[in-house]
Structure formats: C-alpha cells, structure tokens
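Engineer: If you scroll down you'll find the structure; I have some questions about it.
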Amino acid sequence: MARTTVTGRLSRLFDTATRASELKPRVRKQLIAEQISTLAKMIPALAIVMTILACILLTAMHGHYDYNMAVVWSFAQFAALAYGLAGNDLGDASESRLGATEAMVSRQVVFSFALGVLWAIVPFLFLPLEQGSLGFVTVLASMGAMCTACFVFASFPPATATFLLPALLGAMLAGFGVEDYRLSLLFAAALMSFAGLIVFVSLRQTRLLVEHLQTESTIRDQRNIIGLLLKEFEENSSDWLWEFDSLGAIDRVSDRFALAAGGREQIQGRSFMGFLQENADKESPILAEIEHSIANRATFTNLIVRLVHGNTEKWWRLTGKPAFDDIGAYTGYIGTASDVTAEKLAERRINFLAHNDALTGLLNRARFTDQLGSAVARLERYGSPFAVLYLDLDQFKAVNDGRGHLAGDKLLAMVAKRLKAAVRETDFAARLGGDEFAAILTSNCRRDEIAPIADRLVRDISAPYEIDGELVTIGVSIGIAVAPLDGTRPDQILRNADLALYRAKASGRGVYRFFESQMDSEMRERRMLEMELRHAIDEGELVLHYQPLVSAESKQPSGFEALVRWNHPLRGVIPPAEFIPIAEQTGIIQQIGDWTLRRACADAASWPAPYLVAVNLSARHFQGSDIVAVVGDALMESGLAPSRLELEITESLLIDNPEEVVAKLNELKKLGVTIAMDDFGTGYSSLAYLMKFPFDKIKIDKSFVNALSEDAAARDILRSIASLGRTLRMKVTAEGVETPEQVEFLREISLSHLQGYFFARPLDSAGMAAYLLNNTYAFLAEGELEEEVRPAPKMRAIA
C-alpha cells in the first residue's frame, strides 16, 4: 500500500512537469503503457551491460579480501535484473494491458530503485580498497552503469528519478571521502550537472511523447467522427462521394457514384477530368470552369454537367474542394455529386409548357406577350426598334370544319414549321390561338428589310399541304407594325398590327400591309418631342416619382425606386416609354441619367429615415459616360450613404464588352453601392450573367408575377428563382404585385421585397410626402429600422 502511495505521488509529480495530467484518462494510461513498453524493450540490453560491468568489477577484485562481498553484490544485481526481466510481460501497450497501469509503474519503479541502490553501494565497496587501478575501474564502471541506466530509463521519468537519486547520493558521499575537499566539491558539482541533464532529457522526451499522443488522440477522434458522418451521409443522402489524388486519379468513390458511372472498375484509378471529358461535351464551359478550379486549387460548387453515357443523357451536379495534409501539401480533391437528371428534364418540360404552344411548339400567347414586353423594354432603355407581324390563315375554317379537328391540328403544325423556317433565329414566332399566329422581328426592322420576309411568309404558307394523302391549300394575310414608329406600348403596337392585318384582309387576302394610318402625325409628334426634350432638363420639366419597395416580411417600406417622368407644360405628364427611346437615339439619355442620379440621391438624403433608393441605369448612359465618377459625384454632393443607393441594370448591358462592363460594376461596388439585375428571367442568359458578376439583388420581371395566379408553371419558376436567390445569397424582389393572393404566395416562397400597385403607385412629391408621413414613424416605432434617424425632420419637397 505504501509503495503504491509513493508511486502515485511520484507519478502525479512528473505528470504535472510533463503536462501528462492534461491528457484524458485513457490516453494517460496509453502514455504510461507506451513508456513501460519502451522501457521493457531496453531492459535486456541494460541487463547485458550491467552483467558485463559486474564481471569487470569481479575480475578487478579477484584476490582482494573483500572479494566475497563483491560476489554477494553481483548476485544481488543479478537478482534485480532478473526481477526487471520478469516484468517484460507487462511491457505490452496493447488494449489488454492498459488496465495494468499501476502494476507497470510500481514494478519498474521498484526495479530502477533497487538497481540505483546497488550501484550506490559500489563506491563504498571498492573505492576505499585501493586508489590505483581498482579505483579507476570502479569509477569507470559506476559512470558507465549510470549512463546506461539513465539512457534506458529516459523514456520514463519516475524510473530515471528513482535510479539517479540513490546512485548519485552514494557517489557524492563516496566523493566527500577524498581528502581534497575542493576536488570533492567539483566532483559533486559534476554529478549534479549530469543529474540535471538526465532529468531534463527525460522530462523533455516524455513531454514530446505527451504532445504526440494528444495529437494522435485528436486525429483519431476526428477520424471517428468524420467516418460516422460520412457513413451516415452515404446512407441517408442522395449525394455521392468522390475523391481523387494529387495526380488527378480517382481513388475513392461511393457505391452509388460507381453504379452511376457504369461500375467501380470503370472509374477507379481513372483521371477525374478524363472521365468527365469522355462523357461530356469537351467544349463545355462548365468543364473548363472545373478544370480551371482544379488547376488553381479552388473550390467549385453546384456545377451542373451534362453527360451522355451510351444513349442516355444525364445531368450531374458536382461540388469539389481541394484537400491538403498537415504541412499544407496538396493531396487531391474531395467532393460530392448528385444526379439531377429528373430535375433538369422536369425543368425543361415545365419551361416548354410555360412558354410554348403544346400543338405547334411555337411560343404561346403568354410568352409572346412577355417577349413583346421585353422588346418594348429594350426599346425604352436602348432604343432598339422591332416589328410585329400579325398572321391570320385564310380558308382554315373550311379545312377544319370539313376534314375534322385532327386534320386542322396537323395543318396548324405544318404552318408553324413553315413560319419558324421563314423567320430568323433571333426572331420570335408564336401561335396566339386558333388560326392566329404572330412574329416579333428583333433586328433589321426597316420596311425594305421586313418586306422580303413578309413575301416569303405569304408564299411559303400558301403553298399546298399534304394531309392524309390529300392536298390542301390555304392562304395567309399579314399585318405589320414597326416600333417605335407605329407605337411604343405593347397594346398600341398590337392594335396597330391588327389594324394593318384588317387592311390586308380587306385588300383581298393573301397579302401583307404595313401600318400607315397615323405615320405622318406620329413622326411630326416625335420630332417635336425631340426638340422639346432637349430643353426639358434646363426648364425643370423632368420630375421623379417614387414607387415603394416593401419588405415581404414586415410589409413596411424599405426603399423606393426612382421613376423619371416628363411634366410637359402643354401635354401633361408624358410616360417614359414615349420619350426615353428618343433620348436614347439622340444621346440626351446621358443628361437625363446624370440628372436622375443626382436628384434621386438628393431626395433620398432628405427623407426622414434611411430608406434605400433604386435607380435604373440605361445601357447607353452606362456605356457612354464615366458612370463611376457620375455616381461618386452624386453621392458626394448629396451626402447620401453609398449603401442606400441601389443601381439596377439589365442583362443586355452585359452582352457587348462584358469584361469592360463587369470591371465598371466592380468599381461601383467598391463605392459601396448595391447592384441589382432587373427584369430577371426575361432573357436567355440570366443565369450565365449571374455567374459573371456577384449581383446583390435579383428583380423578377412582373410577367411571372402576373401569371402566378393562373399558371402553375409560373409559380414553379418563381419558387426556383427564390431558391436560386437563397443559394447565391442574393435578395430577390418581385415587381408588378397587384393582388393579395400574389403577396401571400410571394411571402410564402420567402422573397425579400415586393413592389407594385398593391402597395402604392409611383408617387409624386406630394404623394411621397404623405406616404413617408404615414409609414415612416410607424415603421420606426416597430424598431425595424437599423440606422438612427433625426427627430422630427423637416420634409423637403421632391422636385
């Protein structure tokens, strides 16, 4: 019991010195087992050296009268060594021996102490006998024994201490028997220095072992946790795991990945990029992005790759992250993959049904209306003219009634194919319903350029059709309206195209006619507007109206979109659709854009609360001016915080010179303003442009909002856009909100902001003042405004 207590105290003392007390109990037992195991492996060598030294001393003592005492001492040491060797079966660091910790420590401490005591006796036995050669041999043997024992016991500080303490004490006492006390002091100092060095080395070696075991324990725990997580992930997740080494060779894949790739033997050891390039389009920008990311040791996330495996088309979503070892060396990539084929096919089908006529494959009326609205928006923002062709089939009713609806459907499908073949790839063809078709020509829209297309349509559609083995002949009449000459609003353009179609039918059918009835008056009006518009800014005729941007969560205003209006002294308020295209074409748009930015920033700075103000940037204004300087000057002059200014652009701005545009957008972001993509979803490349520049906000085009109450596909698309916004960490605003049902649905899918007539129409200065008065203080009272607001501000009229 006493031996156990002393051993325990000694162990606790050295545990504190080596920080072994910080280890978990199990790891501490492993530490002791490792120490004892190392010590046990060295004891046979120690026994051999100690036996040799004992034989040397016996040989040197042969013939002396105390030779018998030397023999007794030698047998005592042999017994101690035998005791130490017998304990080697405890020197096993395996799991089964971790419970024998106390027995290990006690046996080794007793062994080392007994050995130390025996060598402490040596100087007293042999040094007094003769100071000559025997004394020299005795000193060498003692020092050799201490050096050997300390080397063996170095991995276990308690054994080192229990050996050194009696051995050094005996040597020092024997040294004090020398007549020259100075020599005795020097001898004692040398012994103490030797002891200090041995203790330091033993403690240092043990501390290193402690640190190693701590690290090893942490790594083992982490591996166990990661292993459990990965096992649970593979069992419960739809994602697959993959991993490749620093050379790009796949060295680990989950079972589902191997199955999807055609078998483990088809994928294991192959180049990861080689596998993708073999099964995907080598020119795919997604593959290039993955390859670029790998080359630059960068993470890639949720990249969807289209693969063709055999005759099967698949889409995989890939995410990968580079892996590095403890010293930072690159070891390869780890990542996940999932099969999103069903989602892509469903998305493709949903998009098709949402936008296309099921019978002919052409755009349906809803999508045609969207495209017409987009064309008008491009006209307003960029001055891009377009033409609308209205087509009505002649004698179709006779075929449909006489041959049946099935024959009529076949005829409509054939007409659609000829219509699609006659227009250009950049144009849009649609079936509006029944036997009515339409087309939007987006470029080269002068009359002399449109006429050949209309001629070809009349000729091709009037050619005979073979239906069920019989020839059928019909005709077509076409009415044409060209914007902006024939109108700047969708309803106006369609009405004028319809009037032109009526004239074509009245002219005998099978012909086309351009809209002409009001061309002269409209041209005169246009020229006059252009002249008056040049003076509108200087005369203070331009004003800004503001439409609230409302938080979907709190239904409180968080900002306002600035909308320019022309307050004509004679004509009244002129909407932007009538004067913006003129401004775009004449270059006045730069002056209007600069004024709008300055005015909006100044107005926002005067508002009683730090609401955000959104300004739409025209592409011509953006490209034709130093937009970064213009925005910076507007902020500086008004004192408006940059974070309160939001700049809205459309994807068309990124079509020409995208690198230059992105560089300017980055400079604008450095000013602290936010950037929003307007009319999201109306173009073909919206997602691609989101990848080119990190927008802060997406504004969903109102055509989707208008359709959500009756069109399930529109609701699915809105959910997808909301999910996309959350994934990209972008705010999402819906425009054109007009009904409570729309508000409820948009809140349900977690959009951040809403805008539309349901909340407020665009407000003039008086309406804006009243709106702010009614909403700002209620908003502040709820504590939802983060910035401090000046008390009782004086409202300034908004010009």
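The values are calculated or read from the model by the stated rules, or taken from the named source; none is laboratory data. The structure presented is a predicted model; accordingly, all values stated were derived computationally and were not measured. Counting neighbours? That spans all protein chains shown, and the Cβs are built from the backbone with ideal geometry, glycine included. Ligands, DNA and RNA are excluded from the accessible area calculation, which covers all protein heavy atoms including side chains. Shrake-Rupley method; radii C 1.70, N 1.55, O 1.52, S 1.80 Å.
Engineer: Is it true that Glu265 is without any contact (Cβ under 8 Å) to a residue 60 or more places away in the chain, open to solvent by 20 Å² or more (accessible area, probe 1.4 Å), assigned to a helix (DSSP H, G or I) and closer than 18 Å to Ile334 by Cβ?
Structural biologist: no
Engineer: Another question, then. Scan region 607-614 and tell me whether some residue there is assigned to a helix (DSSP H, G or I) and aliphatic (A, V, I, L, M).
Structural biologist: No, that holds for no residue.
Engineer: Sticking with this one: Starting from residues that are of a type outside the set (A, V, I, L, M) and over 16 Å from Val71 (Cβ atoms), keep the ones in region 125-137 and report whichever is modelled with the highest pLDDT.
Structural biologist: Phe136
Engineer: Within region 292-344, work out how many residues are loosely packed, with under 13 Cβ neighbours inside 10 Å and assigned to a helix (DSSP H, G or I).
Structural biologist: Final tally of qualifying residues: 3.
Engineer: Please specify each residue of region 616-625 satisfying the condition of being closer than 10 Å to Asp594 by Cβ and outside any helix (DSSP H, G or I).
Structural biologist: The one that is closer than 10 Å to Asp594 by Cβ and outside any helix (DSSP H, G or I): Ser625.
Engineer: Between Leu471, Leu501, Leu563, which is free of Cβ contacts under 8 Å to residues at least 40 places away in the same chain and not hydroxyl-bearing (Ser, Thr, Tyr)?
Structural biologist: Leu471
Engineer: Given (1) outside any helix (DSSP H, G or I); (2) more than 17 Å from Glu436 (Cα to Cα), where does Gln492 come up short, assuming only one miss?
Structural biologist: Against the list (1) outside any helix (DSSP H, G or I); (2) more than 17 Å from Glu436 (Cα to Cα), Gln492 comes up short only on (1).
Engineer: So if I check each of His355, His309, which one is in contact with a strand residue (DSSP E or B) (Cβ under 7 Å, 6 or more places away or on another chain) and modelled with pLDDT under 85?
Structural biologist: Result of the check over His355, His309: His355.
Engineer: Now a separate question. Looking at Leu247, Leu259, can you tell me which residue is modelled with pLDDT of 80 or more, open to solvent by 70 Å² or more (accessible area, probe 1.4 Å) and in a loop (DSSP other than H, G, I, E, B)?
Structural biologist: Checking each option against the conditions leaves just Leu247.
Yes/no per residue for (1) part of a strand (DSSP E or B); (2) closer than 30 Å to Cys601 by Cα:
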site	(1), (2)
Leu432	yes, no
Leu457	no, no
Ile478	yes, no
Ala497	no, no
Ala500	no, no
Ala504	no, no
Arg509	no, no
Glu530	no, yes
His535	no, yes
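Engineer: For residues that are free of Cβ contacts under 8 Å to residues at least 12 places away in the same chain and under 30 Å from Leu708 (Cβ atoms), scanning just region 297-350, find the one that is farthest from the chain's Cα centre (by Cα).
Structural biologist: Arg349
A quick yes/no check of all residues on (1) of a type in the set (Lys, Arg); (2) at pLDDT 90 or above; (3) open to solvent by less than 60 Å² (accessible area, probe 1.4 Å):
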site: Val472; (1), (2), (3): no, yes, yes
site: Val476; (1), (2), (3): no, yes, yes
site: Ala504; (1), (2), (3): no, no, yes
site: Asp520; (1), (2), (3): no, no, no
site: Glu525; (1), (2), (3): no, no, no
site: Arg534; (1), (2), (3): yes, no, no
site: Val550; (1), (2), (3): no, yes, yes
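Engineer: Scanning region 63-109 for residues that are of a type in the set (Asp, Glu) and under 12 Å from Ala33 (Cβ atoms), which turns out modelled with the highest pLDDT?
Structural biologist: In this case the residue turns out to be Glu102.
Engineer: Here's something else I'd like to know. Any idea which of Ser284, Ser271 is open to solvent by less than 50 Å² (accessible area, probe 1.4 Å), more than 30 Å from Tyr390 (Cα to Cα) and out of contact with any Cys (no Cβ under 6 Å at 6 or more places or on another chain)?
Structural biologist: Going through Ser284, Ser271 in turn, just one is open to solvent by less than 50 Å² (accessible area, probe 1.4 Å), more than 30 Å from Tyr390 (Cα to Cα) and out of contact with any Cys (no Cβ under 6 Å at 6 or more places or on another chain): Ser284.
Engineer: Still on this structure, please answer the following. Collect the residues in region 725-778 that are among the charged types (D, E, K, R), open to solvent by 60 Å² or more (accessible area, probe 1.4 Å) and either farther than 24 Å from His545 by Cα or within 36 Å of the chain's Cα centre (by Cα) (or both), keeping them in residue-number order.
Structural biologist: Listed by number, the residues that qualify are Arg726, Arg729, Lys731, Glu738, Glu741, Glu744, Arg747, Glu748.
Engineer: What's the number of the only condition in (1) within 29 Å of Asp711 (Cβ to Cβ); (2) surrounded by 15 or more Cβ atoms within 10 Å (Cβ to Cβ) that Leu353 fails to meet?
Structural biologist: Result: Leu353 passes all but (2).
Engineer: Could you grab me the full set of residues in region 554-598 that are open to solvent by less than 10 Å² (accessible area, probe 1.4 Å) and part of a loop (DSSP other than H, G, I, E, B)?
Structural biologist: Ile588
Engineer: Which numbered condition trips up Cys601, out of (1) in a helix (DSSP H, G or I); (2) open to solvent by 40 Å² or more (accessible area, probe 1.4 Å)?
Structural biologist: So Cys601 meets the others, but not (2).
Engineer: Among the candidates Arg418, Arg489, Arg447, which residue alone is within 30 Å of Pro581 (Cα to Cα), within 48 Å of the chain's Cα centre (by Cα) and open to solvent by 50 Å² or more (accessible area, probe 1.4 Å)?
Structural biologist: Answer to the check: Arg489.
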